[in-house]
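Written below as structure tokens is the structure these notes are about.
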Amino acid sequence: MNLRYVVPALGLAALSATSASAQEIAKGVTLDGYVDTVFTATSNDTGKDTKKADGTVQGVTASSTGFTSEGVLMVGWAPTDRISSKLVARSGDGFQTTGTKGSGALVITEAYGSVKATDQLTISTGKSTGPFGYYSQYATGVNFVTGVLSTKLYTVNPTGVWASFAPSDKVTATFMVADTYYNSNKTNRPSSVSPGVDLVFNATPELSLNLELTLDPNGGGLEKESIGDAKGARGSAYAGGFNLQFKKDAITAAGEVIYQVLENQGKVLGDDDQKNLSYAAFVTYALSGTPFPMAVTGQVSGWTLGDTGGDDTSTSATKAQLALLTNPLTVSQFGLNYELFYQMDDAGGKSDKINSYGVAIEGLYVIP
């Protein structure tokens, strides 16, 4: 469902204070965004170099602290009621949803235009976050501080064309054709047409259901007998996802599951398809009787990358989070959020499991 397009953002809205609307700075031009600052302290139970589930190596240091900062600027343009466009630039130490650190360079994550062909049909072209996945890529659209593991199997920001058709208030269907979904590095990859579909069903005012399907014909690995051969065939990557949300009064609950297959990713012929799984679920409750808006979120998520070598090389991670979201100044332009988290990483094989415990504090400044 990508709730960026279906319902209001969960982050500050979950605190009974709606997020600030984009500010019109010129005729038809709007501006919004945010600055997100996070302090994190983590401790783990190993005193030696240990490989984590995502392939990185945890050093001998048993604890660590650090600060990250991210800025996002969104510019919209709508010269008429039927034409609009959007440009999003972000820079910082890491993107909040995935928790992956970046170089700090300015990155254009979205640049697309839309034409409203009819009251039910909108056609868009360009680069976007795509309609796939439940969680927003932006800090103002989530209800936690550190990353959620189900996003490990999300698509890259696809570039292509998509059409959204809403025949009624209950149904929205988005059909997309992109250049890639699962392989951001296009080096030595043949061009391909990658289709995807996102179907949203608003069963009741409280309950929304979503089914997602994607296919990337060249998103997998090379056939083993073709390695080193410039003409070798590359395998496909395909995935199916399902998510739902229930929201009523002070409670918001949601969950998602994603199953992905990457062909020719294995090390052994005849056993070369990698099957991956990720999931997440949370409950957010907006507290009443507090001196300023507050909400509590409990969340669990995980992901597993399937065996690629026939020798128990599957990797997995599980994460639990408890977050307190607050608007201490009673304005939606500032959020002060806290989180306790636990994560277990299992790199498979003979590697030791890593149990990590941490705390995070976030200052979120919303523009305008």
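List of remarks:
- Pairs are defined by a Cβ separation below 7 Å, a sequence spacing of at least 6 or placement on different chains, a first member in the stretch 85-98 that is more than 18 Å from Asp32 (Cβ to Cβ), and a second member that is modelled with pLDDT under 75 and among the polar types (S, T, N, Q); the pairs so defined are Gly94/Thr100.
- Check on Ser128, under 16 Å from the mean Cα position of the chain (by Cα) and either at pLDDT 90 or above or of a type in the set (Phe, Trp, Tyr) (or both): yes
- Filtered by the rule that a residue be of a type in the set (Ser, Thr, Tyr) and at pLDDT below 95, the stretch 210-237 gives Ser226, Ser236.
- Filtered residues of the stretch 109-127 (kept if of a type in the set (S, T, N, Q) and surrounded by fewer than 17 Cβ atoms within 10 Å (Cβ to Cβ)): Thr118, Gln120, Thr125
- Among the residues of the stretch 251-260, those identified as more than 15 Å from the chain's Cα centre (by Cα) and touching a residue at least 40 places away in the same chain (Cβ under 8 Å) are Thr252, Gln260.
- Complete set of residues in the stretch 252-272 that are modelled with pLDDT of 95 or more and of a type outside the set (S, T, N, Q): Ala253, Ala254, Gly255, Glu256, Val257, Ile258, Tyr259
- Leading residue by the ranking (modelled with the highest pLDDT) among those in the stretch 339-355 that are of a type in the set (Asp, Glu) and assigned to a strand (DSSP E or B): Glu339
- Within the span defined as the stretch 135-154, every residue fails to be assigned to a loop (DSSP other than H, G, I, E, B) and free of Cβ contacts under 8 Å to residues at least 40 places away in the same chain.
- Qualifying residues in the stretch 155-176 (those that are assigned to a loop (DSSP other than H, G, I, E, B), of a type outside the set (Gly, Ala, Ser) and touching a residue at least 40 places away in the same chain (Cβ under 8 Å)) - the one surrounded by the most Cβ atoms within 10 Å (Cβ to Cβ): Thr155
Every residue, every condition in (1) of a type in the set (Gly, Ala, Ser); (2) under 16 Å from the mean Cα position of the chain (by Cα), yes or no:
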residue: Ser136; (1), (2): yes, yes
residue: Tyr154; (1), (2): no, yes
residue: Trp162; (1), (2): no, no
residue: Ala173; (1), (2): yes, no
residue: Ser208; (1), (2): yes, no
residue: Leu215; (1), (2): no, no
residue: Gly219; (1), (2): yes, no
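- Filtered residues of the stretch 65-85 (kept if under 19 Å from the mean Cα position of the chain (by Cα) and of a type in the set (D, E, K, R)): Glu70
The values are calculated or read from the model by the stated rules, or taken from the named source; none is laboratory data. Please read these numbers as outputs of a predicted model, since none were measured by experiment. Virtual Cβ from ideal backbone geometry, glycine too; neighbours counted across all protein chains shown.
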